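The values are calculated or read from the model by the stated rules, or taken from the named source; none is laboratory data. Note that the coordinates shown come from a computational prediction; the quantities given were computed from them, not determined experimentally. So basically every Cβ, Gly included, is an ideal-geometry build from the backbone, and we count neighbours across all protein chains shown.
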Amino acid sequence: MSGKRRIPWIRIAAALLVGLAVTAEILVRGFSHSHGTPFWLRPDFGGVRSGVSYVYVARTRDKLLMFDAGGDPEGTGIIELLHLMNASPPEVSAIYLTHGHPDHVASVSLFKNARLWGGSGDARLVEGKTLSKRALPRLLSFMVENPPPSKLTDLLPANFRSPLSGWLTLQGWPAPGHTPGSFFYLLDGVLFVGDTLNLSGGVLSLGNPAFDDDTAEKERSVARVLQMLDGEKVDYIATGHGGVTQPNTARRLLDDLKPRLRH
Ligand SMILES: [Zn+2]
């Protein structure tokens, strides 16, 4: 008898759980198709929230470079930003990925003429052939719409420095930990850190470890890259989910972070 009485409660609990999961999925998917208002760091250097993450675009003398491809497969916010820069998706010549999580690669296929650069450790992640090692990102990747398949066209060399047109140089450093192929980039005083660092309430931090493959390795990577950055001009830090630092705060925020690193 008691077993029979329990069944309706089990059914109600199961229905509630399914209802919650469906609501969460609808919310997450709805958010992944949303975008923010494009903003400017300086003329010809802008950013926008695309889905859950930020995308940045820089125009050099002869190229249009993009950093990450956001979480919205339709890329509406990015197209809006490009429009404001008097540009369109076919003009993007290269996309540099800070890492290969699905919420940073969703609109890659919209940019047909762009080379896709990323760390070799994330090649399979970009192709959707492997998932993060950790439970939370795995769960989220099931809930976020799968991006159309993409493939790295070029693998980033470690600690590279490549001259662009004019006096500009793009620099990059491997920063494994959040994912195996995570990278930092520095272009014209703007440091792109992806999810390796987070900005919240004006404070730069190592972000939520629940989303990292290997947090200890991430801390070692950050300490190493910060050393490399010692003599470099850093005006802004552009993060994957926390937006960009305020003017004239980047160097202080990096110095404040150093003593908080355990490695
Ligand atoms: Zn990530």
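Table for the structure above
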quantity	calculated
Test: residue in the range 231-243 that is farther than 19 Å from G177 by Cα, within 16 Å of the ligand (Cβ to nearest atom) and in contact with a Lys or Arg (Cβ under 9 Å, 6 or more places away or on another chain)	yes
Answer residue from the range 43-52, given it is in contact (Cβ under 8 Å) with a residue 60 or more places away in the chain and surrounded by fewer than 24 Cβ atoms within 10 Å (Cβ to Cβ) and is farthest from the ligand (Cβ to nearest atom) among those	F45
Answer residue from the range 249-263, given it is out of contact with any strand residue (DSSP E or B) (no Cβ under 6 Å at 6 or more places or on another chain) and modelled with pLDDT of 90 or more and is surrounded by the most Cβ atoms within 10 Å (Cβ to Cβ) among those	L254
Per-region count, the range 146-177, residues touching a residue at least 24 places away in the same chain (Cβ under 8 Å), within 27 Å of A223 (Cβ to Cβ) and in a strand (DSSP E or B)	6
Pair list, Cβ < 8 Å and 6+ apart or interchain, from the range 236-263 residues that are on the phi > 0 side of the Ramachandran plot to residues that are basic (K, R) and in a helix (DSSP H, G or I)	none
Residues of the range 56-90 satisfying the condition of being within 16 Å of the ligand (Cβ to nearest atom) and under 11 Å from D103 (Cβ atoms)	D68, A69, G70, G71, D72
Members of the range 179-219 found to be surrounded by fewer than 17 Cβ atoms within 10 Å (Cβ to Cβ) and over 29 Å from P163 (Cβ atoms), listed by number	S200, G201, G202, V203, S205, N208, P209, A210, A216
Number of the condition not met by P149 [criteria: (1) within 12 Å of the ligand (Cβ to nearest atom); (2) under 30 Å from V22 (Cα atoms)]	(1)
Filter result (within 16 Å of D122 (Cα to Cα) and within 14 Å of the ligand (Cβ to nearest atom)) within the range 209-220	F211, D212, D213, D214, K218
Selection count, the range 109-124, where residues are assigned to a helix (DSSP H, G or I) and either away from the ligand (no atom under 15 Å from the Cβ) or out of contact with any strand residue (DSSP E or B) (no Cβ under 9 Å at 6 or more places or on another chain) (or both)	5
Any strands (runs of 3 or more DSSP E) falling wholly within the range 178-263 and containing at least 3 residues that are among the aromatic types (F, W, Y) and more than 13 Å from the chain's Cα centre (by Cα)	none
Qualifying residue in the range 64-77 (condition: in a helix (DSSP H, G or I) and either surrounded by 22 or more Cβ atoms within 10 Å (Cβ to Cβ) or modelled with pLDDT under 95 (or both))	yes
Any pair with Cβ under 8 angstrom, 6 or more apart, that starts in the range 93-106 at a residue that is over 12 Å from T196 (Cβ atoms) and more than 12 Å from the ligand (Cβ to nearest atom) and ends at one that is part of a strand (DSSP E or B) and of a type in the set (K, R)	S93/R115; A94/R115; I95/R115
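Residue-wise test of (1) over 12 Å from K151 (Cα atoms); (2) in contact with a Lys or Arg (Cβ under 8 Å, 6 or more places away or on another chain).
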{"site": "R59", "(1), (2)": "yes, no"}
{"site": "A87", "(1), (2)": "yes, yes"}
{"site": "H101", "(1), (2)": "yes, no"}
{"site": "H104", "(1), (2)": "yes, no"}
{"site": "W117", "(1), (2)": "no, no"}
